[in-house]
């Protein structure tokens, strides 16, 4: 049976689970039975003792069928030529089960209980396709004798359509059906945009920008908001680092092993936290494997960049230790020299990065239980030699060690069709070393968290829903020149999201309660005020409406109330932060931020066009920011005082992809945000200007070429004592080749950035007064998928 790509709505997964559909596949006749090695898994059983497999099967079939786990086989081919496609990613929608096709286009999906599923296949240069299959039923077995294996055909396309998202949605669904603005970076785009940082990789997406202090340091900015207002996730769990406590603290995440990155813009991601007034970034790498592959799968990457003389490499492999026990291993390294600009070299911006990890799981028909361990080291330089900077710059030594466990139960438990339990522990240290070798500043952080999330399908008036809770503990330590007290922070949260499907209309509402306790471990009166324990209870709520017309037009709106707790630095900091070029003065009397946000968006998607435009308005009471006082400390650092004032952020985002025919595609992205204090209309600092990029691309299934113009307007709406920046236009060009060699998909990408060697300055750069952005750079990446 041959299946050509079709569109299936997000709620189809729920409806198909109870339907007896016509089988369109070949199912192996041999059932796989679990065998747990008690000694090997004793430790995991202790840690995750609450993970007990219920007796009922998710598809509620006969007891005999529920005991069996089946292997599903299929093939992915080019719809035009019939040629097999290697390196295609085939996943089971809503199940986190996946496979990668081999050289002959074949794939095997293991660990599937009897029932109905939606498969999705994706590959570079092709439009994703879905297929409906049934596994393990008597009806399916009778069809085996009558039909060949399932063949999913992918049609070549110069634009990607129907990205699936899992972040901030109750169920996995197409991005066009999400009830808030969502963007996905994967495939060719992720490979072409890949840099040393997550923020730098995402900077070209709608509504996104990045603050920078050189090539090794970048922090994400969404709609003019940064720090912990942008929540960073790894596979759906918060990253345990201190990246929000200084401009020199890059996020402790290496993007090189990411399979995809999802960005939710704006508040309302109540599944993850009320603090996320700006949005959520989820780096998905499947660190704990969710399926045991039929054969060795993975990828290896090499990358170089002439602007920094960098060389980077990474490799990931997933294989089966046993029939139900996958193992995933990963290693990555990067070395880079000083940044070259059109007017000279920005000294002391070289760096070295290393990361590695391993994860394993036991995968049963009831779900899975697994754990992972990861190490991360990043040594890099912060430039100096100017007023506010250290005379010879500062060296940063950053390390993070983390471990995680995850248990997923896919059998029905009460109203829930899926339960997920996560536990994490992270140790993080950040040392700032002066040129003389003396420790200037020290940040340490230990954190632990536990999360539980339950999802249900139809329940009473609700079509789908999710509810859960989170508890976390963080211990912050400070040293060197900082006088910030060692502090503990405890958090607890409960949340509920429900969705109603009314045909053309979808309605989603959510509630969240957070409680935060910040304990500095002492009570005293200092120069910044009275140091004492603070407690912050808060409520957040959201309401979203989506209208879908038969013509492909989607209109949506969301209204959100969110709350953000002041962080430790904003409350208690007192002293010089050399690498960030500031003398920070906290305010222990700060109250929490209360944000009220409105988003209105319009989407359209067809076979040849994808477009979206969003308008937003965020009113934030007691917005906390570091105000430049215009004074210098005795060590010539600008004094920044944290304060809270009512503020407004408003703007728009727009994106369009057009298939112009014969392999030609056009692309455009634009975004703008204004941030100002209420009452006075005084501009807030570090708000990005109007910016965008426009590109033309010619694409064939095995290669593509692309030309792009990246533009930004001048930014003269600046905060007090902030420097204005001029507008600029930068030209880029790229080309890529995809070939199957040795049964493996090989991808070579060549990207020429700033082709005219233009001198320009990023308004969010902390070093824009002394050096512009990178000059002409040739970036080359080679990737093999197996």
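Things worth noting here:
- Taking first residues from region 111-129 that are without any contact (Cβ under 8 Å) to a residue 40 or more places away in the chain and partners that are assigned to a strand (DSSP E or B) and surrounded by 24 or more Cβ atoms within 10 Å (Cβ to Cβ), no Cβ contact under 9 Å between residues at least 6 apart in sequence or on separate chains turns up.
- Among residues of region 228-238, those that are assigned to a helix (DSSP H, G or I) and surrounded by 24 or more Cβ atoms within 10 Å (Cβ to Cβ), counted: 1
- Some residue of region 518-535 being within 28 Å of residue 612 (Cα to Cα), touching a strand residue (DSSP E or B) at 6+ places or on another chain (Cβ under 9 Å) and without any contact (Cβ under 8 Å) to a residue 60 or more places away in the chain: no
- The residues in region 704-730 that are over 20 Å from residue 671 (Cβ atoms) and modelled with pLDDT of 95 or more can be counted, and the count is 4.
- Lone qualifier among 349, 316, 360, 301 - being in the same structural domain as residue 427 (by TED's automatic domain parsing), touching a strand residue (DSSP E or B) at 6+ places or on another chain (Cβ under 9 Å) and not in a strand (DSSP E or B): 349
- Residues satisfying the stated conditions in region 391-435, i.e. surrounded by fewer than 22 Cβ atoms within 10 Å (Cβ to Cβ), on the phi < 0 side of the Ramachandran plot and in a loop (DSSP other than H, G, I, E, B): 391, 392, 412, 415, 435
- Filtering region 510-544 to residues that are under 32 Å from the mean Cα position of the chain (by Cα) and either part of a loop (DSSP other than H, G, I, E, B) or on the phi > 0 side of the Ramachandran plot (or both) leaves only 520.
- Only one of the listed residues (230, 221, 263) is in the same structural domain as residue 612 (by TED's automatic domain parsing), touching a helix residue (DSSP H, G or I) at 6+ places or on another chain (Cβ under 8 Å), within 19 Å of residue 580 (Cβ to Cβ) and at pLDDT 90 or above. That residue is 221.
- Inside region 737-761, residues that are modelled with pLDDT of 95 or more and part of a loop (DSSP other than H, G, I, E, B) make up a count of 8.
- When 254, 241, 248 are checked against the criterion of being out of contact with any helix residue (DSSP H, G or I) (no Cβ under 9 Å at 6 or more places or on another chain), in contact (Cβ under 8 Å) with a residue 12 or more places away in the chain and crowded, with 22+ Cβ neighbours inside 10 Å, a single residue qualifies: 241.
- Criterion violated by residue 76 - all others in (1) crowded, with 21+ Cβ neighbours inside 10 Å; (2) at pLDDT below 90; (3) out of contact with any helix residue (DSSP H, G or I) (no Cβ under 6 Å at 6 or more places or on another chain) satisfied: (2)
- No other residue among 707, 734 is outside any loop (DSSP other than H, G, I, E, B) and crowded, with 19+ Cβ neighbours inside 10 Å apart from 734.
- Scanning region 190-204 for residues that are crowded, with 24+ Cβ neighbours inside 10 Å and more than 21 Å from residue 313 (Cβ to Cβ) turns up 199, 202.
The values are calculated or read from the model by the stated rules, or taken from the named source; none is laboratory data. Keep in mind that this is a model prediction, so the values were computed, not measured. No Cβ is skipped: glycine too gets one built from the backbone with ideal geometry, and neighbour counts run over all protein chains shown.
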